[in-house]
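Engineer: One structure is given below, represented as structure tokens, and several questions about it will come after.
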Amino acid sequence: MTDALDNVGLGVVLLIIGGFCTGIQGPMNGRLAISTAGSFSAFLSFALGFWPLLIYFLADTKGGKSVDWPTAAKNAPGYAWLGGVFGGIFVLILTLVIHRRGAAITNGIIVVTQLIVSVIIDQYGAFDTTQRDCTGLRGGGLACMIVGIALVTLF
């Protein structure tokens, strides 16, 4: 599967599917939060999401046997193990806010914030990503997105 993911076209298709899933996940979790509680809705989202991730993990790693766990534990920095914490916080906030602000505003602010943080991460090569300067065009693109979300929010 790793070789297939090197295909740019497949990567774009998977990212579009991921964007679609992110776009509908918030309103669905938010609706469940109205009937139950935001904390339960966020918890259930992760509990249900665990199963497809487990199936993929088991298939991808031959049941975990293809991963050299001692080496992985030694070589991965501590912060690399904490990404799920931020995912949980994201889902909880999204669940609590989306029905109060609307899907477009909520997701728009999230996307713009993700892009700003991503450009900063790229600028410094943080978390061992490829370093990529924030050029004037990249900054201009960010500015356009900020103006865009401001228009969506205000009108």
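Engineer: Between the alpha-carbon centers of the stretch 113-137 and the stretch 40-82, tell me the distance in whole angstrom.
Structural biologist: 26
Engineer: Take the chain, connect every pair of alpha-carbon atoms lying under 10 Å apart with a spring to form a Gaussian network, then pick out the residue of ALA47, ALA33, ALA104 with the largest mean-square fluctuation.
Structural biologist: Per the Cα network of the chain with a 10 Å cutoff, ALA47 tops the list.
Engineer: Here's another thing I want to ask about it. Can you pull the percent of the chain's accessible area that's carbon plus sulfur, 1.4 Å probe, other chains left in place?
Structural biologist: 73
Engineer: Now for a different question. Name the residue farthest towards the positive end of the dipole of the stretch 4-134 from the options PHE43, ILE17, LEU53, assuming +1 on Cβ of Lys and Arg, -1 on Cβ of Asp and Glu, about the Cα centre.
Structural biologist: PHE43
Engineer: Given the options PHE90, PHE40, PHE50, which has the most mean-square fluctuation in a GNM of the chain, springs set between C-alpha atoms less than 10 angstrom apart?
Structural biologist: Maximum among the listed residues: PHE50.
Engineer: What is the dipole size for the chain, taken about its Cα centre, with +1 at each Lys and Arg Cβ and -1 at each Asp and Glu Cβ, in debye to the nearest 20?
Structural biologist: Dipole size: approximately 460 debye.
Engineer: Take LEU15 and TRP81, extend 7 Å from each Cα along the Cα→Cβ direction, and tell me the distance between the two endpoints in nm.
Structural biologist: 3.1
Engineer: Given a 1.4 angstrom probe, what's the average accessible area per residue across the chain, in square angstrom?
Structural biologist: Using a 1.4 Å probe on heavy atoms only, each residue of the chain averages 70 Å².
Engineer: Related question: Name the shape class, rounded, prolate or oblate, that the alpha-carbon gyration tensor gives for the stretch 74-113, where a ≥ b ≥ c are the square roots of its eigenvalues, rounded holds for a/c under 1.5, and otherwise prolate holds if a/b is larger than b/c and oblate otherwise.
Structural biologist: Cα axes put the stretch 74-113 in the prolate bin.
Engineer: What whole-number volume per residue, in cubic angstrom, does the convex hull of the C-alpha atoms of the stretch 19-116 give?
Structural biologist: In the stretch 19-116, the Cα convex hull volume per residue is 117 Å³.
The values are calculated or read from the model by the stated rules, or taken from the named source; none is laboratory data. Nothing here was measured: the structure is a model prediction, and the numbers come from that model. Virtual Cβ from ideal backbone geometry, glycine too; neighbours counted across all protein chains shown. With ligands, DNA and RNA removed, areas are computed over all heavy atoms of the protein, side chains included. Shrake-Rupley method; radii C 1.70, N 1.55, O 1.52, S 1.80 Å.
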